[in-house]
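J.: This is the structure, below, for whatever I ask next.
The values are calculated or read from the model by the stated rules, or taken from the named source; none is laboratory data. All values derive from a computational prediction rather than experimental measurement. As a convention, Cβ positions derive from the backbone with ideal geometry for all residues, glycine included, and neighbour counts pool all protein chains shown. Only protein heavy atoms, including side chains, enter the accessible area calculation; ligands, DNA and RNA are left aside. Shrake-Rupley method; radii C 1.70, N 1.55, O 1.52, S 1.80 Å.
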Amino acid sequence: MAQSSTVARPATCWQRRVCPLGKLVPQTVVVVFGVVVEVRCGHPLDLLYAFVPGTYPNSELTSFFKMATTGTIPSSVLIVGSGVFGLSTAYALAQRDAFRNTTITLLERLDFPAPDAASIDSSRIIRPDYADPAYAALMAEAHPHWRGDFGADGRYSEAGLCLVQDSGDESGDNAAHYYLIKALENVKSKLGLRVGRREESGQVELLETPDDVARVTASMGGDCGRRGYVNWTSGWADAEAGMRYLRKLVERTGRVKFRTEEVTRLHYGQDRVEAVEFAGDERLSADLVVLATGAWMQKLVDLRGIASATGQVLAYIDITQEEQDRLGGNPTLLCETNGMFIIPPRDRVLKVARHGYGYTNPTKIPHPERPGESITVSLPRTKQDDPNLNIAPEGDKACREYLAKCIPSLATRPWTQTRICWYSDTPVGDWLISYHPTYRNLFVATGGSGHAYKFLPVVGERIVDVVMGEERDKLGAELGKKWKWPARRREEDQVWTDDWRGGVKGMVLDEELAKGEVAAPRSRL
Ligand SMILES: Cc1cc2nc3c(=O)[nH]c(=O)nc-3n(C[C@H](O)[C@H](O)[C@H](O)COP(=O)(O)OP(=O)(O)OC[C@H]3O[C@@H](n4cnc5c(N)ncnc54)[C@H](O)[C@@H]3O)c2cc1C
């Protein structure tokens, strides 16, 4: 029996590849026994396809049409994970009229904010400085929010980002050097930032010598790099405060039910997730399950060769009020050569960290989708698992040396705290925002690859666009392609990204921890 459903809201014309008018028009989806046989865009050329059922390429049967076959808009959505991706998705869903009758539930394993989540920390860099123009454009969308209410009350500080090079290969083949050159090109040409000194209303300042670098980082008093540039329109956010702010916005909608529950497994049917289970064997089902559990994803879905957890090192020191006043106005310093960075201090705490290849933590677990089988994947280990877990000696040394080099006056100040914080890394640094190819009511939002926080104010809207199969604009189409489920899993190297990073590839957490004791963090002040 044919069943025709007219999609009430405009969506992108699916015929856009052949239709000269390819534009926003209402569409009709004809379904026979649950199979889409006809998708009408309303333009005469759609007849080319309409009379030849089965000619619709699979890739064109977007998630939106999948939704149409199952009753258009889901009546229940279950989001697992309350980090940047999960919480922002909840907010966007709660605000969309199309979901006004949908029950939205957000599950988080720890009381919000989860202290070991990637989204929760003292600070995160907010920058449009990207080699990839799509992320630079997405940042252009997010930036006004940080400069407005989202970043108010100290949640955002626009102190600049100084991206430098220290030594090494400048041939252009080097991924880090390429990143710096492309990022500079993008902020100048694509975002139209003015080049010149800040005193002369410049927004981006080229730093061609060590003296230039020293000039913009003068109060640090050390050797901060050889060359690079500073973007005065970049800044940093108080990461936890930003998440708390968004959580309040979500609560205010009154549309989302929050529960503190750790999902222990998904119950997979042949082509859908039948239920999610939490401790105590309780189960919940939903028309749509959005999995946004960051670096913990592999526990619940097999992402081998698609995304993997890598542990990054962070170290914090207490500083005096005089030091806070002196260092607080500096730009963030990020060294492309080794991935080390120092974000200006907040509340008399200064952080040194590394954007690196990180550590892998191979762990044997039951295969999340195939009962009876087991797999080995990298999973986070945090202070929630072991309160005495500190960074490994090599990470301690890297942070210490960088601090001593850039701010010699703090060279011997003991760490107050150290932390291993986990990225969900993808092979090239693009996120994974996509329906699962097998389980049609499972949507994944992960693979932040160390750079998703800055998009907190806007990324939920873009995620829900993908949920709906909508391409709001050219940027949406481009992002949708970057974020889609990869055609093949990377089998040869399942862990390490090719995105630009510092440190070395191949470090295993237990092996690095076994290399020696690190002095226990303590406060000197
Ligand atoms: C050290 C570090 C520095 C970074 N620096 C920057 C930066 O400067 N700028 C920038 O833009 N980005 C930065 N990032 C990246 C950014 O923080 C992340 O990309 C982003 O926060 C990832 O969000 P997420 O929602 O995927 O993961 P998370 O924030 O980790 O959220 C996942 C949530 O899922 C929960 N969860 C996990 N398993 C379960 C389960 N079974 N059941 C229920 N809940 C579960 C977790 O508790 C957690 O709250 C950095 C990341 C790190 C680690």
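J.: Of all residues in segment 201-213, which are assigned to a loop (DSSP other than H, G, I, E, B) and open to solvent by 30 Å² or more (accessible area, probe 1.4 Å)? Break it down stepwise before answering.
T.: Of all residues in segment 201-213, those assigned to a loop (DSSP other than H, G, I, E, B) come to 201-203, 208-209.
Of everything in segment 201-213, those that are assigned to a loop (DSSP other than H, G, I, E, B) and open to solvent by 30 Å² or more (accessible area, probe 1.4 Å) turn out to be S201, Q203, E208, T209.
J.: Considering every residue within segment 356-373, establish whether at least one is under 18 Å from R265 (Cβ atoms), open to solvent by 10 Å² or more (accessible area, probe 1.4 Å), within 22 Å of the chain's Cα centre (by Cα) and within 15 Å of the ligand (Cβ to nearest atom).
T.: Scanning segment 356-373 turns up no residue that is under 18 Å from R265 (Cβ atoms), open to solvent by 10 Å² or more (accessible area, probe 1.4 Å), within 22 Å of the chain's Cα centre (by Cα) and within 15 Å of the ligand (Cβ to nearest atom).
J.: Being within 6 Å of the ligand (Cβ to nearest atom) and under 23 Å from R283 (Cα atoms) narrows it down to one of A114, A118, so name that one. Before you say what the answer is, go through the steps one by one.
T.: On the way: A118 fails: under 23 Å from R283 (Cα atoms).
Of the residues listed, the single one that is within 6 Å of the ligand (Cβ to nearest atom) and under 23 Å from R283 (Cα atoms) is A114.
J.: Identify the single condition in (1) free of Cβ contacts under 8 Å to residues at least 60 places away in the same chain; (2) within 10 Å of the ligand (Cβ to nearest atom) that R100 does not satisfy, given that it satisfies every other one.
T.: Here R100 meets the rest and fails (2).
J.: From the list V195, V216, exactly one residue is open to solvent by less than 50 Å² (accessible area, probe 1.4 Å) and among the β-branched types (V, I, T). Which is it? Break it down stepwise before answering.
T.: Details: V195 fails: open to solvent by less than 50 Å² (accessible area, probe 1.4 Å).
Selected residue: V216, the only one of V195, V216 that is open to solvent by less than 50 Å² (accessible area, probe 1.4 Å) and among the β-branched types (V, I, T).
J.: For segment 231-335, please list each of the strands (runs of 3 or more DSSP E) lying entirely inside it that holds at least 2 residues being over 21 Å from the mean Cα position of the chain (by Cα) and away from the ligand (no atom under 13 Å from the Cβ).
T.: Values: elements: 235-237, 256-260, 263-268, 273-278, 282-284, 288-291, 308-318, 332-335.
Once the strands (runs of 3 or more DSSP E) in segment 231-335 are filtered for at least 2 residues that are over 21 Å from the mean Cα position of the chain (by Cα) and away from the ligand (no atom under 13 Å from the Cβ), what remains is 256-260, 263-268, 273-278, 308-318.
J.: Please name all residue pairs, on different chains or six or more residues apart, with Cβ atoms under 6 Å, provided the first residue is in segment 299-310 and is touching a residue at least 40 places away in the same chain (Cβ under 8 Å) and surrounded by 23 or more Cβ atoms within 10 Å (Cβ to Cβ) and the second residue is of a type in the set (V, I, T) and part of a loop (DSSP other than H, G, I, E, B).
T.: If the second residue must be of a type in the set (V, I, T) and part of a loop (DSSP other than H, G, I, E, B), the pairs left are A307/T426; S308/V495.
J.: Confirm whether R489 is away from the ligand (no atom under 16 Å from the Cβ) and not assigned by TED's automatic domain parsing to the domain that holds L246.
T.: Numbers: away from the ligand (no atom under 16 Å from the Cβ): yes; not assigned by TED's automatic domain parsing to the domain that holds L246: yes.
For R489, the condition - away from the ligand (no atom under 16 Å from the Cβ) and not assigned by TED's automatic domain parsing to the domain that holds L246 - is met.
Conditions tested, residue by residue: (1) exposed (fewer than 15 other Cβ atoms within 10 Å of the Cβ); (2) free of Cβ contacts under 8 Å to residues at least 60 places away in the same chain; (3) touching a helix residue (DSSP H, G or I) at 6+ places or on another chain (Cβ under 9 Å); (4) under 21 Å from M139 (Cα atoms).
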site: Y178; (1), (2), (3), (4): no, no, no, yes
site: A183; (1), (2), (3), (4): no, yes, yes, yes
site: E199; (1), (2), (3), (4): yes, yes, no, no
site: G221; (1), (2), (3), (4): no, no, yes, no
site: Y229; (1), (2), (3), (4): no, no, yes, yes
site: A237; (1), (2), (3), (4): no, no, yes, yes
site: V250; (1), (2), (3), (4): no, no, yes, no
site: R259; (1), (2), (3), (4): yes, no, no, no
site: R265; (1), (2), (3), (4): no, no, yes, no
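J.: So, one more: Counting only residues that are buried (at least 24 other Cβ atoms within 10 Å of the Cβ) and more than 13 Å from the ligand (Cβ to nearest atom), which one in segment 65-90 is modelled with the highest pLDDT? Don't jump to the end; show me each part of the working.
T.: Within segment 65-90, the subset buried (at least 24 other Cβ atoms within 10 Å of the Cβ) is 68, 77-90.
Checking the rest, the ones that are also more than 13 Å from the ligand (Cβ to nearest atom) come to 68, 77.
Details: A68: 42, V77: 98.
Filtering first and then ranking leaves V77.
J.: I'd like to check something: does segment 149-163 contain any residue that is open to solvent by less than 50 Å² (accessible area, probe 1.4 Å), modelled with pLDDT of 95 or more and part of a helix (DSSP H, G or I)?
T.: yes
J.: Residues in segment 431-457 that are more than 7 Å from the ligand (Cβ to nearest atom) and among the basic types (K, R): how many?
T.: Matching residues across segment 431-457 total 1.
J.: Would you please name the residue that is nearest to D498 (Cα to Cα), looking only at residues in segment 374-404 that are away from the ligand (no atom under 15 Å from the Cβ) and part of a strand (DSSP E or B)?
T.: Step by step, filter segment 374-404, then rank; the result is T376.
J.: Output the number of the condition that T382 fails; it satisfies all remaining conditions of (1) open to solvent by 10 Å² or more (accessible area, probe 1.4 Å); (2) modelled with pLDDT of 95 or more; (3) more than 30 Å from R96 (Cβ to Cβ).
T.: Going through the list (1) open to solvent by 10 Å² or more (accessible area, probe 1.4 Å); (2) modelled with pLDDT of 95 or more; (3) more than 30 Å from R96 (Cβ to Cβ), T382 breaks only (1).
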